[in-house]
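Below you'll find the structure, written out as structure tokens, and then a few comments.
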Amino acid sequence: MSKWQEVTYLGRKDWDEGLATFDFDHPDPNFLAGQFIQVGLEDDNGKMIPRAYSIGSAPNAPLELYIVLVDEGALTPRLFDLKPGDKVYMAKKFAGHFHLDKVGPAENLWLAGTGTGLAPYISMLRHPQVWENYERIALYHGVRYGAQLAYKEELEALQAKYPDRFFYLPTVSREEVPGTLQGRITNTWEEAITRVGAAIDPETTRVMLCGNRAMLDDMTKQLGELGLTRALRSKPGQIHSEVYF
């Protein structure tokens with residue numbers, strides 16, 4: 001049996017040039033918040049071009065993928081050329097271990113990511129589980145330019161709704177934007193902690209990291225200096241990470 005099924009493309013919301021949320025009519029979007037799915041299109045020779053994308057929608061809601069255009073890529077330029085009603089292929093099974101069941105409840109949860117690594121956190125924040133498992137949640141999102149702060153209005157609305165529980169910490173590295181931290185998330189960590197007002201402690205804190213390998217390594221090193229360790233299959237820890245480009 002083929003691993004693929006056809007789904008219908010519904011449309012997209014553009015956040016910035018080459019940065020958009022894509023909506024699909026998936027028949028059964030039953031997954032764990034934080035998981036990803038394989039998307040594919042056939043090339044001129046009938047060979048499948050697959051790519052994994054994290055999901056921004058909550059489980060059992062219309063499927064939403066947060067995608068950045070890669071001009072030289074084999075797939076994303078074709079996705080940006082889709083018209084509503086077009087068909088794409090999606091894997092029949094959702095995948096990935098970057099979800100809250102792997103993290104476990106704690107007092108504080110940090111969701112740190114760069115670029116489209118924000119997607120799994122949007123899915124988590126739209127699901128009741130994160131609000132049931134953690135007293136305080138900090139979303140620490142790094143981009144190059146302010147226009148790339150997707151979901152900004154939704155996240156600011158959450159902060160207004162839960163002023164003592166949710167902390168939105170947008171971080172911009174290449175321009176000054178009012179209300180944001182200035183720099184890379186690897187360099188503004190101490191200021192971010194100050195804004196949240198809660199110490200990073202292995203007994204009370206869990207951290208999720210989603211981004212490129214260099215960011216993950218740097219952040220893991222800094223968190224290690226605070227006593228946190230990376231969670232492995234053979235050894236529990238407080239840091240859960242996923243490489244995402």
request  = Output the peptides 44-50, 179-185 sorted from most to least packed, where packing is the average of other Cβ atoms within 10 Å over each peptide's residues.
outcome  = 179-185, 44-50
note = Whole-percent carbon and sulfur contribution to the accessible surface of the chain (1.4 Å, no ligands, DNA or RNA) stands at 47
inquiry  = Over the stretch 39-158, what is the relative contact order in percent, taking alpha-carbon pairs closer than 8 angstrom and at least six residues apart?
reply    = 25
key: Length-normalised contact order for the chain - Cα pairs under 8 Å, 6+ apart - percent   = 17
query = Under 20 Å from a point 7 Å along the Cα-to-Cβ line of D28: which residues of the stretch 81-119 have their amide N that close?
reply = 88-97
ask   = So which lysines pass the test for K92, namely a Cα distance under 29 Å, with those fewer than 8 places away in the same chain ruled out?
value = K3, K13, K47, K83, K102
request  = Largest first and in whole Å, give the semi-axes of the stretch 9-50's equivalent ellipsoid, each being the square root of 5 times a Cα gyration tensor eigenvalue.
outcome  = 21, 18, 11
ask   = Which of D16, D86, D71 moves the most in a Gaussian network model of the chain with Cα springs under 10 Å?
value = D71
query = When the helices in the chain are scored as -39500 (n - 2.57) per DSSP H run of 4 or longer and the sum is shared across all residues, what 222 nm value do you end up with, to the nearest 500 deg cm²/dmol?
reply = -5500 deg cm²/dmol
Net +/- balance of residues flanking L216 in space, Cβ distance below 15 Å, scoring K and R +1, D and E -1 = +1
query = Dividing the alpha-carbon Rg of the chain by 2.2 N^0.38 Å yields what?
reply = 1.01
request  = Give the whole-number value, in cubic angstrom per residue, of the convex hull volume spanned by the C-alpha atoms of the stretch 19-152.
outcome  = 116
ask   = Taking the Cα-to-Cβ direction at Y162 and at D101 and moving 7 Å from each Cα, how far apart do the two end points lie in nm?
value = 2.1
inquiry  = Run the reach check for K161 against aspartates and glutamates, Cα to Cα strictly under 13 Å, same-chain hits fewer than 8 apart removed. What comes back?
reply    = E153
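The values are calculated or read from the model by the stated rules, or taken from the named source; none is laboratory data. Source: prediction; values computed, not measured. Cβ coordinates were reconstructed from backbone atoms using ideal geometry, including for glycine residues, and neighbour counts include every protein chain displayed. To get the accessible areas, we keep the full protein, side chains included, count just its heavy atoms, and leave off ligands, DNA and RNA. Shrake-Rupley method; radii C 1.70, N 1.55, O 1.52, S 1.80 Å.
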